[in-house]
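Some notes on the structure that comes next.
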Amino acid sequence: MLIISAPLSISTGFTYITYATFCIPWAYVAFSLAEYILVGLNSLFYFMLIYELPGASLKIHLSDVHYVQDV
């Protein structure tokens, strides 16, 4: 996964700057595809963590929400 995700991560920076500077449509398409692939690889990484550790579970905990009042 590292062999795939490292070049994709580097390419996102390059393609986004290319799109923002020169407005080249293919650069934004390449950026978007790389981002979608990276999200999938990230999900696969966490799935592999749960798969390889028997009896492990993934718990998502939301802490209390605190609001800051305007002064």
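Only the coordinates and a few stated rules stand behind these numbers; no lab work does. None of these values were measured; they are calculated from a predicted model.
What angle do you read, to the nearest 10 degrees and between 0 and 90, between the alpha-carbon axis of helix 25-52 and the longest principal axis of the chain?
Between the helix axis and the principal axis of the chain, the angle is about 30 degrees.
Relative contact order (percent) for the chain, with alpha-carbon contacts under 8 angstrom and 6 or more residues of separation?
Reported relative contact order: 25 percent.
Candidates (i) 14.0; (ii) 15.2; (iii) 12.1; which is the computed Kirkwood radius over Cα pairs in Å?
Only one listed value fits the structure, namely (ii).
Between helix 2-22 and the chain, what is the angle of the helix's C-alpha long axis to the longest principal axis, kept within 0 to 90° and rounded to the nearest 10?
For 2-22 against the chain, the angle is about 50 degrees.
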